[in-house]
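Written out below as structure tokens is the structure these notes cover.
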């Protein structure tokens with residue numbers, strides 16, 4: 001598989017999200033929010049993996065768009081976890097900044113592919 005910066009960052013982010021969700025379930029006994037964060041946080045990289053195998057420009061753009069939307073959903077869950085006291089400031093800042101960086105990269109890709117597909 002062709003790995004790029006966005007994919008590698010999303011993969012590394014998924015590992016961090018997995019570790020946090022594992023802690024959240026084990027230590028805080030919070031399963032519902034952990035499941036939601038795990039699904040969206042790991043879906044970013046999964047959609048980038050699918051984009052790498054896209055069969056058309058539109059297919060590629062669609063998968064990148066989905067990955068971008070997953071970063072936004074992940075940020076929602078991070079904000080919620082922090083707001084209800086299940087995430088400390090340093091963990092929040094780390095994960096939010098990581099997801100924000102991935103989101104900015106993906107948004108730039110979306111803009112570029114849409115311009116090139118016109």
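All of the numbers you see were taken from the coordinates with simple rules; none came from a lab. Keep in mind that what you see is a predicted model, and the values were worked out from it rather than measured. Backbone-built Cβ (ideal geometry, glycine too); neighbour counts: all protein chains shown.
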Which order, highest average first, do 16-28, 58-70 follow once you tally other Cβ atoms within 10 Å for each residue and take the mean per peptide?
58-70, 16-28
Normalised contact order of the chain, rounded percent, pairs of Cα under 8 Å and 6 or more residues apart:
28
Using Cα pairs under 8 angstrom and six or more residues apart, how large is the relative contact order of segment 9-62, in percent?
35
Debye-sum result for the chain in log10 I(q)/I(0), which assumes one identical scatterer on each alpha carbon, at q = 0.15, 0.16, 0.20, 0.22 Å⁻¹
-0.63, -0.70, -0.99, -1.14
Based on the Cα gyration tensor of segment 1-46, what are the three equivalent ellipsoid semi-axes, each the root of five times an eigenvalue, rounded to whole Å and given largest first?
24, 9, 5
For the chain, what does the helix formula give at 222 nm: sum of -39500 (n - 2.57) over DSSP H segments with n ≥ 4, over the residue count, nearest 500 deg cm²/dmol?
-29500 deg cm²/dmol
As an exercise, take the mean of 1/r over every pair of distinct alpha carbons in segment 53-109, invert it, and state the Kirkwood radius in angstroms.
12.3
